[in-house]
Amino acid sequence: MNLLSRDIPGLVWAYRFTPGETRCSRIAIDSSVENLRQTGEGWIWVHLALSDARTPALIEKIFDLPLDVISTLTSHDTQATIAVTDDIVHGTLVDFERTFDAETKTIGWLHFAVSDRFVITTRLHPLRSIDRVKSAVEQANRCARPIDLFEMMVVEFQRTLISLVLELTEELNVIEDDVYGEAGHNSQPRLAPLRRTAVRLHRHLRTLLALLRRVGTSEEDEVPPGFLDAAERLSDRLETVDRDVFALQERARLLHEEIDSKLSSETNRHLYILSLMTAFLLPPTLVTGFFGMNTGGLPLAEGIHGTLVAGMFILMSMGLAWTILKRIGIL
């Protein structure tokens, strides 16, 4: 089978959903553009890769879309967005990238457009959640409407996020045990990327929640059927996981402050030891400086016991320094 299509460049997969059918039908990757246009009584899901430079031209060729929708599908924005244009809900959702043999914690972006006749999604790199949605729709057609597929995408992202939160929580537990152990300050390099991930996820989730609630206030005739109910359900789901992410962020912040406190305490202890050494060595330094002046009439310059007497003065000065430090409570 030909894995590259001349007519549909950038196509990753496409499915046709027909009412009453228990399974969706996959459109061959070497099909013509006409197969994507003719949806019949059902609707279609087209998933495209933005890594192909011909994809923007293909999107304009498949459907008669408004310029705002085309701009959303072909952009490389790294911010969550949701908007409504001519009964089409479009925007950018956050997800996590994956490689051929592993899942990563790198944040990726899924661009989408949803109407009552189609769902178009684009991405630059392979994503975790969207691949699981593909596997789910192949096993059973649980999407009666395009908005059901959109809801499934967000729900899969939420599940991915929950699993990631659990992974980060395990890492944080290990770091926490180390922080309250003997060498807690050594955990700072491991904590930094965890905090960065939690902060970014919380920021994107808050943005996505605000956008869903704003679009959820639209009139029913301005959005695809069922979108308002789906937006309310998705807001509740994302609100729950956002609280978990925020709690994780707060734990990481408190651990960072604890590490800083340990580092400050250790620094102060070193400075304390250094100050004591300076206080003990300052009087002997004065003694040796006095007897090393090479001036006329210097005491103890004559005789064989001068060095011994000078050494006695050094010991006496150190004892005097110790007594003074002890009396004022430094030692």
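Need the failing condition index for LEU73 against (1) open to solvent by 50 Å² or more (accessible area, probe 1.4 Å); (2) under 30 Å from the mean Cα position of the chain (by Cα), just the number.
Going through (1) open to solvent by 50 Å² or more (accessible area, probe 1.4 Å); (2) under 30 Å from the mean Cα position of the chain (by Cα) one by one, LEU73 breaks only (1).
Here are ALA140, ALA113: which of them is over 22 Å from HIS202 (Cα atoms) and surrounded by fewer than 18 Cβ atoms within 10 Å (Cβ to Cβ)?
ALA140
In the list LEU263, LEU254, which residue meets the criterion of being loosely packed, with under 14 Cβ neighbours inside 10 Å, within 28 Å of GLU171 (Cα to Cα) and modelled with pLDDT of 85 or more?
On the way: LEU263 fails: modelled with pLDDT of 85 or more.
Checking each option against the conditions leaves just LEU254.
Residues of the stretch 301-331 being of a type in the set (Gly, Ala, Ser) and modelled with pLDDT under 75, which ones?
Scanning the stretch 301-331 gives ALA301, GLY303, GLY306, GLY329.
Out of all the residues in the stretch 86-114, which are in contact with a Leu (Cβ under 9 Å, 6 or more places away or on another chain) and of a type in the set (Gly, Ala, Ser)?
GLY91, GLY108, ALA113 - these are the residues of the stretch 86-114 that are in contact with a Leu (Cβ under 9 Å, 6 or more places away or on another chain) and of a type in the set (Gly, Ala, Ser).
Can you pull out every residue in the stretch 275-291 that is at pLDDT 75 or above and either farther than 18 Å from ILE324 by Cβ or not hydrophobic (A, V, I, L, M, F, W, C) (or both)?
Scanning the stretch 275-291 gives SER275, THR278, PRO283, PRO284, THR285, THR288, GLY289.
Could you figure out which of (1) free of Cβ contacts under 8 Å to residues at least 12 places away in the same chain; (2) acidic (Asp, Glu); (3) touching a Phe, Trp or Tyr at 6+ places or on another chain (Cβ under 9 Å) isn't true of ASP77?
(1)
Can you tell me which of ALA230, ALA247 is over 19 Å from the mean Cα position of the chain (by Cα) and modelled with pLDDT of 85 or more?
Values: ALA247 fails: over 19 Å from the mean Cα position of the chain (by Cα).
When all the criteria are applied, what remains is ALA230.
Counting just the residues of the stretch 1-18 that are open to solvent by 40 Å² or more (accessible area, probe 1.4 Å) and closer than 22 Å to PHE112 by Cα, which one comes out modelled with the highest pLDDT? Write out each step before concluding.
Kept after step one, since they are open to solvent by 40 Å² or more (accessible area, probe 1.4 Å), are these residues of the stretch 1-18: 1-4, 6-7, 16, 18.
Remaining after also requiring closer than 22 Å to PHE112 by Cα: 7, 16, 18.
Numbers: ASP7: 65, ARG16: 87, THR18: 83.
Applying the filter and picking the extreme gives ARG16.
The values are calculated or read from the model by the stated rules, or taken from the named source; none is laboratory data. Values in this document were obtained by computation on a predicted structure and should not be read as measured data. Cβ coordinates were reconstructed from backbone atoms using ideal geometry, including for glycine residues, and neighbour counts include every protein chain displayed. The area values use the complete protein model at the heavy-atom level, side chains included, leaving out ligands, DNA and RNA. Shrake-Rupley method; radii C 1.70, N 1.55, O 1.52, S 1.80 Å.
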